[in-house]
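Report on the following structure.
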Amino acid sequence: MNTFKFDCTDDELRDAVVAWSELLSQEKYGEALGMFLHTSESFGFEWTPSNLEDWIANYGCARIDYDCGEYHKVTSLFEQPLSEKFIRKAIKIDRENLYGLNPKEYAGMVHYNDIPLDGEPSDLTARFHIKKISEDTLTLEFLDVHVM
């Protein structure tokens, strides 16, 4: 599990999400899930590599619930035109708004919008909590991928 100092920069968190996305583009779903904590709070099931692949491939929902009839794959952020600008726009770090999270346990959220699928930006979004794991250490907690 990747950890960060409590006073890490937004760029350090953003770089970790980029690394997570690059693992997905290589279809390394287990390694991507292993980077951070993950929760089933949003959907009531455990995130596994196959669940994550299914949700991405089916454009943000489980195929068992709705089959879009297609199979999508994450593509590298670095294949996007003006990739650095794209990354800064797509991966938003918010340490000010906790959206009801307990401030003793959390220090913000990360939204990764426009996840590139099949070479193009999509409506798929990944959400992460910035979770405190000690007085001076943070990690990210993967919540879900969904269509915005």
Does Lys5 satisfy the condition of being without any contact (Cβ under 8 Å) to a residue 40 or more places away in the chain and either more than 15 Å from the chain's Cα centre (by Cα) or open to solvent by 60 Å² or more (accessible area, probe 1.4 Å) (or both)? no
Of the residues in the stretch 119-130, those that are in contact with a Ser or Thr (Cβ under 9 Å, 6 or more places away or on another chain) and surrounded by fewer than 20 Cβ atoms within 10 Å (Cβ to Cβ) come to Gly119, Glu120, Arg127
Would it be correct to say that Met35 is open to solvent by 30 Å² or more (accessible area, probe 1.4 Å), closer than 20 Å to Ala107 by Cβ, touching a residue at least 24 places away in the same chain (Cβ under 8 Å) and hydrophobic (A, V, I, L, M, F, W, C)?
no
Selection from the stretch 60-80 of residues closer than 12 Å to Asp144 by Cα and not small (Gly, Ala, Ser) yields Cys61
Per the filter on the stretch 20-55, residues modelled with pLDDT of 95 or more, among the hydroxyl-bearing types (Ser, Thr, Tyr) and more than 16 Å from Arg127 (Cβ to Cβ) are Ser25, Tyr29
Counted residues in the stretch 18-27 being polar (S, T, N, Q), open to solvent by 10 Å² or more (accessible area, probe 1.4 Å) and either in contact with a helix residue (DSSP H, G or I) (Cβ under 8 Å, 6 or more places away or on another chain) or in contact (Cβ under 8 Å) with a residue 40 or more places away in the chain (or both) come to 1
Next on the checklist: Looking at the structure I just gave you, is Gly30 under 24 Å from Phe4 (Cβ atoms), among the small types (Gly, Ala, Ser) and either open to solvent by less than 70 Å² (accessible area, probe 1.4 Å) or part of a helix (DSSP H, G or I) (or both)?
Outcome noted: yes
Of (1) part of a helix (DSSP H, G or I); (2) in contact with a helix residue (DSSP H, G or I) (Cβ under 6 Å, 6 or more places away or on another chain), Asp15 satisfies every one except (2)
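The values are calculated or read from the model by the stated rules, or taken from the named source; none is laboratory data. Keep in mind the model is a prediction, meaning the values are calculated, not measured. Reconstructed Cβ throughout: ideal geometry from the backbone, glycine too, with neighbour counts over all protein chains shown. The area values use the complete protein model at the heavy-atom level, side chains included, leaving out ligands, DNA and RNA. Shrake-Rupley method; radii C 1.70, N 1.55, O 1.52, S 1.80 Å.
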